[in-house]
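Let me begin by presenting the structure, written as structure tokens, before commenting on it.
The values are calculated or read from the model by the stated rules, or taken from the named source; none is laboratory data. It should be emphasised that the depicted structure is a prediction, and the values quoted were computed from it without experimental measurement. We place every Cβ from the backbone using ideal geometry, glycine too, and count neighbours over all the protein chains shown.
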Amino acid sequence: MQAAKLGAETSPREREGAAQEAAPVISIREVSKVFGQGVAAFTALDRVQIDIGQNEFFTLLGPSGCGKTTLLRLIAGFDYPTMGEIRLFGQDIARQPPFKRPINTVFQNYALFPHMTVGQNVGFGLEMLGRPKAEIAGRVDEMLRLVRMEALKDRRTSEISGGQQQRVALARALAPQPKVLLLDEPLSALDYKLRKEMQIELKRLQHETGITFIFVTHDQEEALTMSDRIAVMSGGRVLQIGSAHDIYERPTERFVANFIGETNFLEGQVQGGGSVALDAGSVVPALPPEGFAPSGRVTVVIRPEHARLVPSGTAGSLAGTVSNAVYFGTDTHYHVTLGDGSEFMVRQQNSRASASHEIGAPVGVAIDEGAARMLRD
Amino acid sequence: MAKRRAPLDIKVLPGFASMAVICLLVLYVPILVLMLFSFNSGNIVTHWEGISLHWYGVALQNDEFFSAAENTMIIAVSATVIATSVATLAALGMTRVKPWKGLTAAFMVLNLPLMVPEIVTAVATLSFFALIAGKLGLNFGIGNLIIAHTVFCIPFAYMPIKARLEDMDTTLDHAAADLYAPPWKTFRRITLPLLAPGIMSGAALSFIVSFDDFTITQLVAGPGQTTLPLYIWNQIRRPMTPEINAISTILLMVSIVLVAVSFLVTLKKRR
Ligand SMILES: Nc1ncnc2c1ncn2[C@@H]1O[C@H](COP(=O)(O)OP(=O)(O)OP(=O)(O)O)[C@@H](O)[C@H]1O
Ligand SMILES: [Mg+2]
């Protein structure tokens, strides 16, 4: 576990991340969007700052109403920002109409043209760009092959299934070879199995086309498994941008830690030398987020899989009593009430060797080396 | 939650069958009788003598009938084309734009003619044309009738077009713009084709309404501007022959064919 984590510290993905900063495809600079005026004014996006690189699978993740769709609409050009710039290869396009932007969208409800066949839908973009007929025909076939829909080229869009419509929408958006592809929760209408299939399919398409994908979801699992980088949003602000690993292992804010996976928060007092004296009774080494020098009271975050139950009284462990144990087959979640009354969850792998703990039993909670991190709030 | 009630089967309600039969009889028996007597070989409308197409022959050789039919077609086609175009623009202007001040008022104004008693509109229109003829010396001849018909056709054309527009998914417009279609191309390639069934229904309705309008036409029509309904009205004030039945049947057939065609077109587009 530890080894895997250390390995990921210098994963190729993060080295890619450095390259992205050099030449972003899309650069969102201090973008704000305010709906309405006066007392009815509502800030849907608040000084959003994102750089997205060549060939990147970038995800906007956040709860309903946090502004994901609004941001996507600004990038597509269906709406204009109140303030700020949207740069495509360094050029501000924030005020260009959508039909002048080399950016295409896969809509949540697919928005296929019902009076056209599958093939006509896929060819529409190229037709509008005035490409020669032969080129369009070739490209349509190529795109339909890419999404494995060649057999249904002459069907009407009302005569194909939801998953197939999804593929057509993808092919249609990819056909004009946009610089950036926007996808607004494209999988949310599909059932579980199909969704898993399409997740793999999307990754494959992104890899094969080399187009920058900006993907919107409120499903954290989907975000973690598919993305090169994720921006976690809340209330119109971007809270943290990083790889799935970064976001999961090194959340900088309480919201991020809470939104993604299960987690423990412990309060404490910062001490010198990068350690925190927890209210629950022990001193643990904890790293602060980058560019943040904490002092006084802080919150420390520890993932449930980065702690172990040890015999009560073990040196350096937090003393507590087991308040609940939930069996999940491969692992068991122990809820421990610590000395200061806070709840702590430990996820323990079930193996023949691991001891089970009775409810009410006194135990110690040992935190893995380097697993505790200070939060910015 | 609450138990879902089985949908009520209207056919089991007491009296449903007899009510339905009475309604159908009242609606259709007179029309059937009228059609039947158009094939009467005798020359009295109410006395059956034998089957023949005689009166159709008479009708088709009647110059007055043809001139009335010609007037009717000129007026109905012109009024339909103008009213449908205006209604399409109005519907677009009232659904595909940012809500503007006076939108509700505009909607009211557009649909008011449906609520005003036709005889009131007729008198008003007549006075209007009399006024501009008297003060400005303007008389558009059959144009007067076309203008009058256009006006009362607009709300009939507007309704189905607006309904269709409101049903339409606006993300389709966004999708087209996203795929490099400038606004007018989006309109021509996406909005208009999808709106076509609504426009067809609107046009069919306008045509029928104009085709058989009596009250307004009667008041506004000048000499030599007899339309089919006016012609029939004039005929039945004289001793009636089954020629009238034949003419009415022809009229009915034209209506039925039109409605059927527009229905089929709509059905095909919907698919
Ligand atoms: N045209 C508008 N006028 C006023 N407020 C708007 C408008 N569009 C969006 N909002 C508000 O902006 C906020 C962000 O909306 P947005 O659609 O971007 O959320 P989202 O993150 O996409 O949510 P979801 O996951 O539910 O799709 C919401 O509170 C919404 O009510
Ligand atoms: Mg959304």
Quiz item: Is there any pair linking a residue in segment B:92-107 that is surrounded by 13 or more Cβ atoms within 10 Å (Cβ to Cβ) to one that is in a loop (DSSP other than H, G, I, E, B), with Cβ under 8 Å and at least six apart or on different chains, and which?
Solution: B:R96/B:T170
Quiz item: Only one residue in A:D377, A:D368, A:D340 is over 24 Å from A:Y248 (Cβ atoms) and of a type in the set (D, E), so which one is that?
Solution: A:D340
Practice problem: Would you kindly identify the helices (runs of 4 or more DSSP H) lying entirely within segment A:200-311 that contain at least 1 residues that are within 20 Å of the chain's Cα centre (by Cα) and over 30 Å from A:V25 (Cα atoms)? | Solution: A:254-259
Self-check item: Answer residue from segment A:21-42, given it is exposed (fewer than 13 other Cβ atoms within 10 Å of the Cβ) and among the hydrophobic types (A, V, I, L, M, F, W, C) and is nearest to ligand 2 (Cβ to nearest atom) among those
Solution: A:F42
Practice problem: Could you tell me whether segment A:171-184 includes any residue that is of a type outside the set (F, W, Y) and away from chain B (no Cβ under 14 Å)? | Solution: no
Exercise. Counting only residues that are in contact (Cβ under 8 Å) with a residue 40 or more places away in the chain and more than 10 Å from chain A (Cβ to nearest Cβ), give me the helices (runs of 4 or more DSSP H) lying completely in segment B:156-252 with at least 3 of them.
Key: B:192-211, B:215-220, B:228-235
Quiz item: Here are A:A40, A:A3: which of them is at pLDDT below 90 and within 16 Å of ligand 1 (Cβ to nearest atom)?
Solution: A:A40
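Kindly establish whether A:E56 is surrounded by 22 or more Cβ atoms within 10 Å (Cβ to Cβ) and acidic (D, E).
Working: surrounded by 22 or more Cβ atoms within 10 Å (Cβ to Cβ): yes; acidic (D, E): yes.
Yes: the conditions hold for A:E56.
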Quiz prompt | Within segment B:153-192, tally of residues that are farther than 11 Å from A:F124 by Cβ and touching a Ser or Thr at 6+ places or on another chain (Cβ under 7 Å) | solution = 10
Exercise. Tell me which residues, restricted to segment A:315-371, are of a type in the set (D, E), part of a strand (DSSP E or B) and under 25 Å from A:V283 (Cα atoms).
Key: A:E343
Quiz item: Name the helices (runs of 4 or more DSSP H) wholly within segment A:68-184 that hold at least 3 residues that are within 16 Å of ligand 1 (Cβ to nearest atom)?
Solution: A:68-76
Exercise. Scan segment A:129-166 residue by residue and report those that are away from chain B (no Cβ under 14 Å) and without any contact (Cβ under 8 Å) to a residue 12 or more places away in the chain.
Key: A:P132, A:K133, A:A134, A:E135, A:G138, A:E142, A:R145, A:E150, A:A151, A:S161
Exercise. Would you check which residues across segment A:316-342 are hydroxyl-bearing (S, T, Y), out of contact with any Phe, Trp or Tyr (no Cβ under 9 Å at 6 or more places or on another chain), touching a residue at least 24 places away in the same chain (Cβ under 8 Å) and within 17 Å of A:H306 (Cα to Cα) and list them?
Key: A:S317, A:T332
Quiz prompt | Evaluation of A:L187 against (1) within 16 Å of ligand 1 (Cβ to nearest atom); (2) within 14 Å of chain B (Cβ to nearest Cβ) (one fails), failing number | solution = (2)
Exercise. Under 9 Å between Cβ atoms, at least 6 apart or on separate chains: pull out the pairs that start in segment A:32-59 with a residue that is within 14 Å of chain B (Cβ to nearest Cβ) and end on any residue that is within 16 Å of ligand 2 (Cβ to nearest atom).
Key: A:F35/A:F42; A:F35/A:A44; A:F35/A:T70; A:G36/A:F42
Exercise. Could you grab me the full set of residues in segment A:43-58 that are under 22 Å from B:T171 (Cβ atoms) and away from ligand 2 (no atom under 13 Å from the Cβ)?
Key: none
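Yes/no per residue for (1) free of Cβ contacts under 8 Å to residues at least 60 places away in the same chain; (2) within 16 Å of ligand 2 (Cβ to nearest atom); (3) within 14 Å of another protein chain (Cβ to nearest Cβ); (4) within 15 Å of A:T299 (Cβ to Cβ):
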site	(1), (2), (3), (4)
A:L224	yes, no, no, no
A:A231	no, yes, no, no
A:S234	no, yes, no, no
A:Y248	yes, no, no, no
A:G272	yes, no, no, no
A:D279	no, no, no, yes
Quiz item: When only residues in segment A:60-107 that are away from every other protein chain (no Cβ under 14 Å), under 22 Å from the mean Cα position of the chain (by Cα) and surrounded by 22 or more Cβ atoms within 10 Å (Cβ to Cβ) count, which is nearest to ligand 2 (Cβ to nearest atom)?
Solution: A:K68
Quiz item: Going by the conditions given, is A:A293 surrounded by fewer than 17 Cβ atoms within 10 Å (Cβ to Cβ) and either modelled with pLDDT of 85 or more or of a type in the set (A, V, I, L, M) (or both)?
Solution: yes
Quiz item: Just for segment A:212-230: of the residues that are within 12 Å of ligand 1 (Cβ to nearest atom) and surrounded by 20 or more Cβ atoms within 10 Å (Cβ to Cβ), which one is nearest to A:S64 (Cα to Cα)?
Solution: A:T217
